[in-house]
Amino acid sequence: MILVNENDEQIGTVEKMEAHRQGLLHRAFSIFIFNNKGELLLQQRAPGKYHNGGLWTNTCCSHPLPGEIVLAAANRRLLEEMGFATLLSPAFNFTYNATFANGLMEHEYDHVFTGTYDGKITIDESEVSDYCFKTINDIEASIKTHPQKYTEWFKLALPQIKIFHKSSFTDL
């Protein structure tokens, strides 16, 4: 994994599990794909994931490989996890820190990308156990009543996504 400082400048590399055990700040990305109705494509993380297995989250998220451009990594992982490609646009970046029940930590400088897609989805079942499209209002209502069903980074990024793409939501 690519270790970074608070300005997203690379300061080194480390093995993935070590970064998560120590809570080291590293580069990541999150992808939010909408259909033409303005609904967000959610994925349910596979139960066997090293953290947050079974939780619902944004369409795709991961980490670029050392030497890999973030957008290229986002395109690669979207195809690997969800089985499709679409034009991705940078939206915003944010940093967050969270500790999970299994003792692992996420401390990420997260690059957020958005896109639109209405075609066939073919999930990698080792990464994703389910998926669905939902309106932002339905997602927010579900987070209020069942916050434990969603990843921390998703709950943090969703309000910013809502602001960033407010004009594309049909239910606001």
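For this structure, a couple of remarks:
- The listed residues Glu80, Glu106, Glu68, once ranked by accessible area (1.4 Å probe) with the largest placed first, stand as Glu80, Glu68, Glu106.
- Relative contact order (%) - the chain, alpha-carbon pairs under 8 angstrom, separation at least six: 28 percent
- A helix-only calculation puts the chain at -7500 deg cm²/dmol for mean residue ellipticity at 222 nm, using -39500 (n - 2.57) for each DSSP H run of at least four residues, averaged over all residues.
- Computed over neighbours whose Cβ is under 15 Å from that of Gln148, the net charge equals +3, Lys and Arg +1, Asp and Glu -1.
- With Cα atoms, 0 to 90° folded angle of helix 70-82 axis to the chain main axis: 60 degrees
- Estimated distance in nm for a label pair at Asn36 and Asn137, the labels positioned 7 Å out from Cα along Cα-to-Cβ: 2.2 nm
- Taking Asp118, Asp8 and ordering them by how much accessible surface each has at a 1.4 Å probe, largest first, produces Asp118, Asp8.
- Protein accessible area in the chain, 1.4 Å probe - carbon and sulfur %: 53 percent
- Charged neighbours of Met82, selected by a Cβ distance under 9 Å, balance to -3 (K, R count +1; D, E count -1).
- Cβ charges +1 (Lys, Arg) and -1 (Asp, Glu), total dipole of the chain, debye: 340 debye
- Accessible surface, 1.4 Å probe, highest first, among residues Trp56, Trp153: Trp56, Trp153
- Applying the criteria of a DSSP loop state and at most 12 other Cβ atoms within 10 Å to the trypsin sites (Lys or Arg not before Pro) of segment 38-121 yields Lys120.
- Normalised per residue, the accessible area of the chain is 47 Å², obtained with a 1.4 Å probe and no contribution from ligands, DNA or RNA.
The values are calculated or read from the model by the stated rules, or taken from the named source; none is laboratory data. Here the structure is a predicted model, which is why all the values come from computation and not from measurement. Positions of Cβ are generated from backbone atoms using ideal geometry, with glycine treated the same way; all protein chains shown enter the neighbour counts. Just so you know, the surface numbers come from the protein's heavy atoms only, side chains and all, with ligands and any DNA or RNA stripped out. Shrake-Rupley method; radii C 1.70, N 1.55, O 1.52, S 1.80 Å.
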